[in-house]
Structure formats: structure tokens, C-alpha cells
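A short write-up of the structure that comes next.
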Amino acid sequence: MLRILSFILLATLFSCDNDRGNRNPFLQEIGFRYDMNLNLPLYNPLKTIGRAVLVDNAGVGTKGFFVIQSGIGQYRAFEASCPNHVPNECSTLVLDGVNANCSCEGYEYNLFTGQLINRPDDGNRYYDMLEYRATINGNVVVVSN
């Protein structure tokens with residue numbers, strides 16, 4: 001019986017995967033929590049599907065985050081720093097309707113999906129936006145990582 005338990009323990013330990021191959025090497029995943037009261041005028045756009053806002057307060061992500069109402073009562077939040085290079089002076093994405101644009105290389109991302117829209121076809125690896133958790137609690141959208 002002890003041999004079986006030892007075998008199961010070893011099999012469990014060696015089957016754990018530490019592969020972080022999908023991890024974006026350019027962006028740190030910073031822990032934070034930010035509450036957005038939808039009754040405040042600053043967040044009025046979030047009462048309409050397809051409207052987004054940028055929250056660039058200190059301590060929320062790397063360069064802040066975008067949040068969009070993606071469906072009735074559904075919200076998505078994404079890091080506001082371009083995910084395809086190290087954060088720098090031009091890496092903060094600029095809101096353009098339902099897209100966010102990087103002025104460094106002209107990359108364009110969709111805020112409904114976080115996907116890079118104009119992905120170059122050059123064989124290099126490109127990253128989509130880093131997504132944060134967005135939940136609704138009454139009239140408050142909570143964004144956290």
C-alpha cells in the first residue's frame with residue numbers, strides 16, 4: 001500500500017507543468033483591485049455596450065487598463081500597455097472606439113477580444129492584450145488581477 005501511495009505521489013509531482021510558454025515576457029502581471037462605481041459620471045460610457053474607458057491611475061496594471069461593456073452586464077478589462085514590447089514612453093495604447101492603438105509600431109487591438117488585429121505575417125510571435133478579471137457587483141465593476 002505504501003508503494004502505491006508513493007508511486008501516486010511521485011506521478012503527481014512529476015506531472016505538474018511549469019511551462020509558462022504563453023506568458024508575455026514584456027509585461028509583468030501586477031496584482032491590484034480597482035472598483036468602478038457606474039453611478040459616477042467618469043464611468044457613464046460603460047453603461048452602453050461597446051463603449052470603453054481608460055483607467056490610468058497609479059498602481060492599476062503597468063500603464064492602467066481599458067474596460068469595455070462587451071454585452072449586457074458583461075465587462076472585459078485589458079492592460080493599457082502594448083503587449084508586444086517593453087513598456088516605454090510610447091507604449092500606452094490609445095483608445096479609438098472599440099480598438100486600442102499602439103503609437104510605437106501602429107499595432108491595433110480589439111477591446112472586445114483583446115486580439116491584435118493587424119498581426120504581421122513575418123513568422124515572429126506576437127501577443128494579444130493582457131486581460132484582467134472584470135466582474136459586476138451591483139452598480140460596481142471590479143477589475144483585478
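The values are calculated or read from the model by the stated rules, or taken from the named source; none is laboratory data. Source: prediction; values computed, not measured. Here Cβ is always computed from backbone atoms with ideal geometry, including for glycine, and neighbour counts include all displayed protein chains.
Quick notes on this structure:
- Some residue of the range 83-93 being free of Cβ contacts under 8 Å to residues at least 60 places away in the same chain, in a strand (DSSP E or B), surrounded by fewer than 17 Cβ atoms within 10 Å (Cβ to Cβ) and not hydroxyl-bearing (Ser, Thr, Tyr): no
- Candidate set from the range 25-37 (those that are under 16 Å from PHE66 (Cβ atoms) and either among the polar types (S, T, N, Q) or assigned to a loop (DSSP other than H, G, I, E, B) (or both)); member that is modelled with the highest pLDDT: PHE32
- Single residue of TYR109, TYR132, TYR126 found to be among the hydroxyl-bearing types (Ser, Thr, Tyr) and out of contact with any Lys or Arg (no Cβ under 9 Å at 6 or more places or on another chain): TYR109
- Selection over the range 89-145 of residues that are aliphatic (A, V, I, L, M) and touching a Leu at 6+ places or on another chain (Cβ under 9 Å) gives a count of 11.
- Scanning the range 108-128 for residues that are in a loop (DSSP other than H, G, I, E, B), under 20 Å from ARG23 (Cα atoms), in contact with a strand residue (DSSP E or B) (Cβ under 6 Å, 6 or more places away or on another chain) and not hydrophobic (A, V, I, L, M, F, W, C) returns GLY114, TYR126, ASP128.
- The range 118-145 - residue that is of a type in the set (Lys, Arg) and more than 24 Å from GLN69 (Cβ to Cβ) and, of those, surrounded by the fewest Cβ atoms within 10 Å (Cβ to Cβ): ARG125
- Among the residues of the range 25-82, just one is among the charged types (D, E, K, R) and in contact with a helix residue (DSSP H, G or I) (Cβ under 6 Å, 6 or more places away or on another chain), namely ARG51.
- Cβ-Cβ distances below 9 Å connect the following pairs, each with a first residue in the range 130-145 that is free of Cβ contacts under 8 Å to residues at least 60 places away in the same chain, a second residue that is loosely packed, with under 12 Cβ neighbours inside 10 Å, and a separation of six or more residues or different chains: ASN137/ASP35.
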